[in-house]
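*Asks:* Before anything else, here's the structure in question.
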Amino acid sequence: MYYLVGNIEDARDALQEAFVKCWRSHEKLVEVQNLKAWIFRIALNTGLTEPQLRDLITHLHACIGPDRSDRAAAILDQVLATR
């Protein structure tokens, strides 16, 4: 995970997020034939998307500024809620 995200703190966050996603999707385990591959795939996808989400959030904060409008605040809240 470290090689995907670039630093140890972000790697830990991404790995924790991956395990949360696995836990939330544990009902699908009945359909999974290779548990190791399933967990690896979730972790890989999380590691690939975490930097993009961070960049999007940083960009939204920069665009919105300290006096953010209600619509911009709602968009930012939606993005943060999906994490």
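The values are calculated or read from the model by the stated rules, or taken from the named source; none is laboratory data. Keep in mind that what you see is a predicted model, and the values were worked out from it rather than measured. A quick note on method: Cβ atoms are made from the backbone with ideal geometry, for glycine too, and the neighbour counts reach across all protein chains shown.
*Asks:* If you scan the stretch 10-29, which residues turn out to be exposed (fewer than 10 other Cβ atoms within 10 Å of the Cβ) and acidic (Asp, Glu)?
*Replies:* The answer is 27, and nothing else.
*Asks:* So, one more: In the stretch 34-83, which residues are surrounded by 15 or more Cβ atoms within 10 Å (Cβ to Cβ), modelled with pLDDT of 70 or more and either outside any helix (DSSP H, G or I) or aromatic (Phe, Trp, Tyr) (or both)?
*Replies:* Of everything in the stretch 34-83, just one residue is surrounded by 15 or more Cβ atoms within 10 Å (Cβ to Cβ), modelled with pLDDT of 70 or more and either outside any helix (DSSP H, G or I) or aromatic (Phe, Trp, Tyr) (or both), namely 38.
*Asks:* Turning to a different aspect of this structure: What is the residue count in the stretch 19-33 for residues that are in a helix (DSSP H, G or I) and closer than 20 Å to residue 50 by Cα?
*Replies:* At the first step, the residues of the stretch 19-33 found to be in a helix (DSSP H, G or I) are 19-24, 26-30.
Now drop any that are not closer than 20 Å to residue 50 by Cα, which leaves 19-24.
Adding up the residues that qualify gives 6.
*Asks:* Filter the stretch 29-58 down to residues that are free of Cβ contacts under 8 Å to residues at least 24 places away in the same chain and among the hydrophobic types (A, V, I, L, M, F, W, C), then give me how many there are.
*Replies:* 10
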